[in-house]
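Everything on this sheet refers to the single structure shown next.
The values are calculated or read from the model by the stated rules, or taken from the named source; none is laboratory data. Everything numeric here is computed off the predicted structure, so don't read it as measured data. For neighbour counting, all protein chains shown are included, and Cβ atoms are generated from backbone atoms with ideal geometry for every residue, glycine included. Each accessible area value is taken on the protein alone, full model and side chains, heavy atoms only, with ligands, DNA and RNA left out. Shrake-Rupley method; radii C 1.70, N 1.55, O 1.52, S 1.80 Å.
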Amino acid sequence: MAVLGALSVTLMVPELEPGVKFYTDAGLKSSIETGIARFRCEGQNRDSIVLMGGSGRKLLHHISLRADDLPGISAQVRAAGGEVVKTPGHFTDGGVWIKDPHGMLIHLSECEEDPQLDVAPRFEVNAPGRLVRKRRSAMQPGAAYRPAKPLRLGHILVFSPDVAASVRFMTDALGMALADRAQDIIAFCCARANSDHHIVAFAKSAAIGFHHASFQVADPDEVGRGGRALVAKAGRGDWGFGRHTIGSNFFHYVQDPWGSWFEYFSDMDHIDDYSKWTPTNYAMEDSLANWGPPVPHDFVHNYEVGSG
Ligand SMILES: [Fe+2]
């Protein structure tokens, strides 16, 4: 009985239009009905981002995770400090709805695994003593490349007033595991088998809130190229191109219309069997990046705290 993967993030926002522009510019496919905009990766049959309009400001409504044995999870939620709650409002997705100890709403559903992604072309690097590419260029002229194409939602990072308590709930109630952490400021949770390094992560803040959703693209070049193109269209902050220490992924973050972030990633660490993985507690200097541009002043600011 455990969480197996990330499905989606649902946000309440003041207006849908800026979000529709942002996420379609990012390469997601949109569908819009009255008051709701949904976004999915091309080739997938489910949504990854859902925006509900009409809120006074941007607020995390819930995260959705794929899981198995929902009755087993439900039986553990209360003892772990959370509660099983009624299906909110007009949602008809089925599954189980729970609140974690800080009131963050989590939707669990026993849906099918996503179809396998096509095998990507090998990302080749000529290195000392290892020439793998000869008599041909790695790069084509920039115009030859199509816009970045998010392949799947890999992970969701949310704020928590008590990161250690959030991790305890994810492990005790939801059968996840601690991949790595940096003190009690940021922590990364994975599934116990066949998992990206992190599926749900927590960063310390005064309250809960949404920080970023991260989408896999084909290779590191597409992270950099897609990030540059999106920040030019979005017109707000960005952070990247860089590489994380924790999880090892290349990243480029672009700020959404409400101050939270969209991440393109490539080359995430993979944990096929958690019993053979040892979590590391990193120093704070390794909590954000191994290398990259200076961190934006509001990169870890929770815009959902306070009045607005
Ligand atoms: Fe991330």
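Right, Ile185: crowded, with 19+ Cβ neighbours inside 10 Å, among the β-branched types (Val, Ile, Thr) and under 27 Å from Ile73 (Cα atoms) or not? Here the answer is no, as Ile185 does not meet what is asked.
Counting only residues that are in contact with a Ser or Thr (Cβ under 9 Å, 6 or more places away or on another chain) and closer than 18 Å to Arg243 by Cβ, the range 263-273 holds 7 of them. Somewhere in the range 191-210, is a residue on the phi > 0 side of the Ramachandran plot, open to solvent by 40 Å² or more (accessible area, probe 1.4 Å) and outside any loop (DSSP other than H, G, I, E, B)? Yes, the range 191-210 contains a residue that is on the phi > 0 side of the Ramachandran plot, open to solvent by 40 Å² or more (accessible area, probe 1.4 Å) and outside any loop (DSSP other than H, G, I, E, B). When the range 68-89 is filtered for residues that are within 25 Å of Glu113 (Cα to Cα) and in contact with a helix residue (DSSP H, G or I) (Cβ under 6 Å, 6 or more places away or on another chain), only Val84 remains.
Scanning the range 236-288 for residues that are within 11 Å of the ligand (Cβ to nearest atom) and of a type in the set (A, V, I, L, M) returns Ile246, Met268, Leu288. Looking only at residues in the range 188-227 that are within 19 Å of Lys276 (Cα to Cα) and touching a helix residue (DSSP H, G or I) at 6+ places or on another chain (Cβ under 6 Å), the one that is farthest from the ligand (Cβ to nearest atom) is Arg192. Filtering the range 211-223 to residues that are open to solvent by 10 Å² or more (accessible area, probe 1.4 Å) and part of a strand (DSSP E or B) leaves only Gln216. Of all the numbered requirements in (1) closer than 21 Å to Gly19 by Cα; (2) within 12 Å of the ligand (Cβ to nearest atom); (3) touching a helix residue (DSSP H, G or I) at 6+ places or on another chain (Cβ under 7 Å), Leu230 misses one, and that requirement is (2). Scanning the range 158-181 for residues that are closer than 22 Å to Asp273 by Cα and aliphatic (A, V, I, L, M) yields Val167, Met170, Ala173, Leu174, Met176, Ala177, Leu178, Ala179. Take Gly240 and decide whether it is buried (at least 20 other Cβ atoms within 10 Å of the Cβ), touching a helix residue (DSSP H, G or I) at 6+ places or on another chain (Cβ under 6 Å), under 21 Å from Tyr264 (Cβ atoms) and touching a residue at least 40 places away in the same chain (Cβ under 8 Å). Against the criterion (buried (at least 20 other Cβ atoms within 10 Å of the Cβ), touching a helix residue (DSSP H, G or I) at 6+ places or on another chain (Cβ under 6 Å), under 21 Å from Tyr264 (Cβ atoms) and touching a residue at least 40 places away in the same chain (Cβ under 8 Å)), Gly240 qualifies.
Only a single item in (1) buried (at least 19 other Cβ atoms within 10 Å of the Cβ); (2) assigned to a loop (DSSP other than H, G, I, E, B); (3) within 16 Å of the ligand (Cβ to nearest atom) is not met by Val295, and it is number (1).
For (1) buried (at least 20 other Cβ atoms within 10 Å of the Cβ); (2) closer than 23 Å to Ala138 by Cβ; (3) of a type in the set (Val, Ile, Thr), each residue gets a yes or a no:
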site: Arg225; (1), (2), (3): yes, yes, no
site: Ala232; (1), (2), (3): no, no, no
site: Thr245; (1), (2), (3): no, no, yes
site: His252; (1), (2), (3): yes, yes, no
site: Asn290; (1), (2), (3): no, yes, no
